[in-house]
Amino acid sequence: MLEAKQDTKKIASFLLQEIDRLITKPVRLMEVCGTHTVAIFRAGIRQVLPTQVELVSGPGCPVCVTADEYMDMAIAYAKRQDVILATFGDMLKVPGSTSSLGEAKANGADIRIVYSPLESLEIAANHPDKNVIFLAVGFETTAPTAAATVLSAAEKKLKNFFVLSAHKLVPPALKTLLVDPEVKVDGFILPGHVCAITGEEPFQFLPEQYHMPAVVAGFEPLDILQTVYLLAKQIHDGRTSVENEYKRIVKKNGNPVARQMLAEVYEPADAIWRGIGLIPNSGLRVNERYQSFDAQVALPIEVEKTVKQTACRCGQVLRGLIKPTECRLFGKACLPEHPVGACMVSVEGSCAAWYKYGSGRYQYGTGNN
Amino acid sequence: MEQGTIKMEHGSGGKLSKALMEEVILPAYGNPVLNEMHDGASVSTAGNKVAFTTDSYVVKPLFFAGGNIGKLAVCGTVNDLAMTGSVPRYLSVGMILEEGFPIADLRRIVETMCQTAKEAGVMIVTGDTKVVNKGAGDGIYINTAGIGDIIEGTNISPKRVQPGQDVILSGYIGDHATAIMAGRHELVLPTSIQSDCAPLNGLVKEMLTAVPQIAVLRDPTRGGVAATLNEIAEQSGTGILLEEDTIPVRPEVDAVCEILGFDPLYLANEGKLLAFVDAKYSGKLLEIMHKHEFGKDARIIGKVTADAVGQVGMRTSIGGIRIVDMPIGGQIPRIC
């Protein structure tokens, strides 16, 4: 069994040897899933890889890429007396232009933390006098559950449940990165959970249009090493394709049922990504059929535009241009307990992961006490 | 404090709890005994060395797989006393009840408390009951305080932690928090996951009788093994290096953590302990622990190092090394 602990070390050292043999010049491989970012740190993968292989984090954390404008709107809704906001816990600390949901909550706004969007339906049923707005944030992975929640609300004829969608799609973001002359990447570690929904097809443009190696990866330490090995092999052989390392979960055509549910409720729309800007057709909005559940349509609200000035370099971190440690706020003004940028908020944000797992901080073996 | 109001994270046993202690509580009534910041205080009364501790219980749900708030309230205080190197003797019980709370539930809770106290060999000798308006509480909150006799010849203090000592963990981690989370979110889990809530004074007494040289005992409750070890690293001025392969986590707990995005090292336990001891005594100590119901899965999970003072690290299963940081607040689930 792959996961058996005694075998893990053996297989890992074999893969590392092979990676070392195949990679003869420096390469940069980008992961675009926050869960991968965390898994890489938790397993200490960076330290065991040959120095020629650099792993960089892309815009893979849905909380991190959520723009100020969206947060400002969420905060504005939260402050309304007739609104209960339902959200995943990570969102509370995400800074908007001037405030955060956490601050709004401490000041009396009714904000409930849910673990599944479906829990917000219960809140809506129990509070018929209030408008319950679910903050629908996440990639292709979480969007189907939000869609299912809207469908369930429609079936239950709930009149006081709404979503505020900031759902985002991964492939358009990768395309934007690849046309950005500043971004240097030699291969992609593709997000296993996202691909479980989308399948491999939406990522075929990587090898076909950009000659970019790509491997769908799982989340165990050996999955990631195996993925790096497959990427190394493609780079070494000078061929590119979308390979699937995570076959035990990801089917070639993904999950058609989930995608159908998505298509029933949502439609692609332009979306603003923190640090990247507007990417055409990279988001999901509630389509006309279910408009009565779209907070922005059913409960329109005016939000004052404010421009925030900070030295935060989230934007460059999210594009893999700099390491979090290269930002001068990192670990000083910007800490998990009082984040300046969104990348320090979510446990799956690049900065938070770099900080939490001690990059640049851990002194073991440095003789540097 | 930087933020003007209390946040949930201030009560989670992590960095913010620590900041609250250091910036608000200790400046007000800090003293040499309290400043030790151990699970319980060691004090002298009429020439006798006594351990003294208190703890409040606000768990939700009140009833969970493997126990209820009453069992927790007795075990928690008994364990804090045991970790001070004492034999727990007497407890007090203060209850804050919310108007409308079913008496049948209260009866279940106090019966469990009585039974657990018997099991632990302690007497509940004083108490207090208050009732608050409906909506002002969560059914029931319980506070327990306790005193115990310090076992002769023991000296439990983080100051005695030295490089080279072994870090011993008494068994599987994360069971309690997983049972609570499952209850809170109505997750249906295999019956194998139950809170590990248990009085550890029996185990501790046998450990200290056999190996009085134990430097530190601590039960990794809020903030889990990670928070407890970080505290000890800081208080002792040493580093701690864990071996990931040796840390016992049930596959079911691992699976729930996977789903909810938790790290078992940060999950609360209510029937586990960590012991620091010179390596030459480890074999003897493990032998004693393995004979006891609550220590049968005990093992060495790491070592104290002179390197990386105040930090906890871990060698991962594939040979990387990373930090195991002090948690900031409660763990939050991931969303993708």
A:Thr98 versus (1) away from chain B (no Cβ under 14 Å); (2) of a type in the set (S, T, N, Q); (3) touching a helix residue (DSSP H, G or I) at 6+ places or on another chain (Cβ under 7 Å): which is the lone unmet condition?
(3)
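From the list B:Leu241, B:Leu217, which residue is at pLDDT 95 or above and away from chain A (no Cβ under 11 Å)?
B:Leu217
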Given the conditions (1) modelled with pLDDT of 95 or more; (2) surrounded by fewer than 23 Cβ atoms within 10 Å (Cβ to Cβ); (3) more than 17 Å from A:Pro172 (Cα to Cα), which single one is not true for A:Val286?
(2)
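So if I check each of B:Asp254, B:Asp263, B:Asp307, which one is within 14 Å of chain A (Cβ to nearest Cβ), surrounded by fewer than 23 Cβ atoms within 10 Å (Cβ to Cβ), over 17 Å from the mean Cα position of the chain (by Cα) and within 11 Å of B:Gly174 (Cα to Cα)? Lay out the reasoning, then the answer.
Values: B:Asp263 fails: over 17 Å from the mean Cα position of the chain (by Cα); B:Asp307 fails: within 11 Å of B:Gly174 (Cα to Cα).
Result of the check over B:Asp254, B:Asp263, B:Asp307: B:Asp254.
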List the number of the failed condition for A:Pro181; all other conditions in (1) over 21 Å from A:Val63 (Cβ atoms); (2) in contact with a strand residue (DSSP E or B) (Cβ under 9 Å, 6 or more places away or on another chain) hold.
(2)
Residue check for B:Ile109: more than 26 Å from B:Leu217 (Cα to Cα) and in contact with a helix residue (DSSP H, G or I) (Cβ under 8 Å, 6 or more places away or on another chain)
yes
Which of the residues spanning segment B:224-282 are under 26 Å from A:Gln363 (Cβ atoms), of a type in the set (D, E, K, R) and part of a helix (DSSP H, G or I)?
B:Glu231, B:Glu234, B:Glu244, B:Asp245
Just for segment B:1-33: of the residues that are among the small types (Gly, Ala, Ser) and in a helix (DSSP H, G or I), which one is surrounded by the most Cβ atoms within 10 Å (Cβ to Cβ)?
B:Ser17
Pairs under 6 Å by beta carbon, first residue on the phi > 0 side of the Ramachandran plot and touching a residue at least 24 places away in the same chain (Cβ under 8 Å) in segment A:272-290, partner surrounded by fewer than 23 Cβ atoms within 10 Å (Cβ to Cβ) and of a type outside the set (A, V, I, L, M), six or more apart or different chains?
A:Gly275/A:Gly315; A:Asn281/A:Pro172; A:Asn281/A:Pro268
Please state which of the following conditions B:Gly320 fails to meet, knowing it meets all the rest: (1) away from every other protein chain (no Cβ under 14 Å); (2) buried (at least 18 other Cβ atoms within 10 Å of the Cβ).
(1)
Does A:Gly60 meet the test of being within 11 Å of another protein chain (Cβ to nearest Cβ), more than 14 Å from A:Arg274 (Cβ to Cβ) and not aliphatic (A, V, I, L, M)?
no
Quick one: A:Arg313 ticks every box in (1) under 29 Å from B:Ile6 (Cβ atoms); (2) buried (at least 21 other Cβ atoms within 10 Å of the Cβ) bar one, so which box is it?
(1)
Within segment B:46-56, can you find the residues that are surrounded by fewer than 21 Cβ atoms within 10 Å (Cβ to Cβ) and under 18 Å from the mean Cα position of the chain (by Cα)?
B:Phe52, B:Thr54, B:Asp55, B:Ser56
Tabulated pairs, segment A:130-150, first on the phi > 0 side of the Ramachandran plot, second modelled with pLDDT of 95 or more and assigned to a loop (DSSP other than H, G, I, E, B), C-beta under 8 angstrom, 6+ apart or interchain:
A:Gly138/A:His167
Need at least 2 residues that are small (Gly, Ala, Ser) and under 29 Å from A:Ser165 (Cα atoms) per element, so show me which strands (runs of 3 or more DSSP E) inside segment A:225-328 make the cut, counting only ones lying wholly within it.
A:266-273, A:277-286
Criterion: crowded, with 21+ Cβ neighbours inside 10 Å and either in contact with a helix residue (DSSP H, G or I) (Cβ under 8 Å, 6 or more places away or on another chain) or under 26 Å from A:His36 (Cα atoms) (or both) - qualifying residue of A:Arg248, A:Arg259, A:Arg274, A:Arg239:
A:Arg274
Mind listing just one residue for me: the one in segment A:166-197 that is within 14 Å of another protein chain (Cβ to nearest Cβ) and not hydrophobic (A, V, I, L, M, F, W, C) and, of those, surrounded by the most Cβ atoms within 10 Å (Cβ to Cβ)?
A:Pro191
Single residue of segment A:324-368 satisfying the filter (within 13 Å of another protein chain (Cβ to nearest Cβ) and acidic (Asp, Glu)) that is surrounded by the most Cβ atoms within 10 Å (Cβ to Cβ)
A:Glu348
Examine segment A:110-120 for a residue that is touching a helix residue (DSSP H, G or I) at 6+ places or on another chain (Cβ under 8 Å), surrounded by fewer than 23 Cβ atoms within 10 Å (Cβ to Cβ) and among the acidic types (Asp, Glu), and state whether such a residue exists.
yes
Condition set within 21 Å of B:Val249 (Cβ to Cβ) and not basic (Lys, Arg), scope segment B:209-226, selection farthest from the chain's Cα centre (by Cα): answer is B:Ala226
Looking at B:Leu62, B:Leu91, B:Leu97, can you tell me which residue is more than 19 Å from B:Arg218 (Cα to Cα), surrounded by 24 or more Cβ atoms within 10 Å (Cβ to Cβ) and in contact with a strand residue (DSSP E or B) (Cβ under 8 Å, 6 or more places away or on another chain)?
B:Leu91
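The values are calculated or read from the model by the stated rules, or taken from the named source; none is laboratory data. Quantities reported herein were computed from a predicted structural model and do not represent experimental measurements. Glycine gets a Cβ as well: all are built from the backbone with ideal geometry, and neighbour counts include every protein chain shown.
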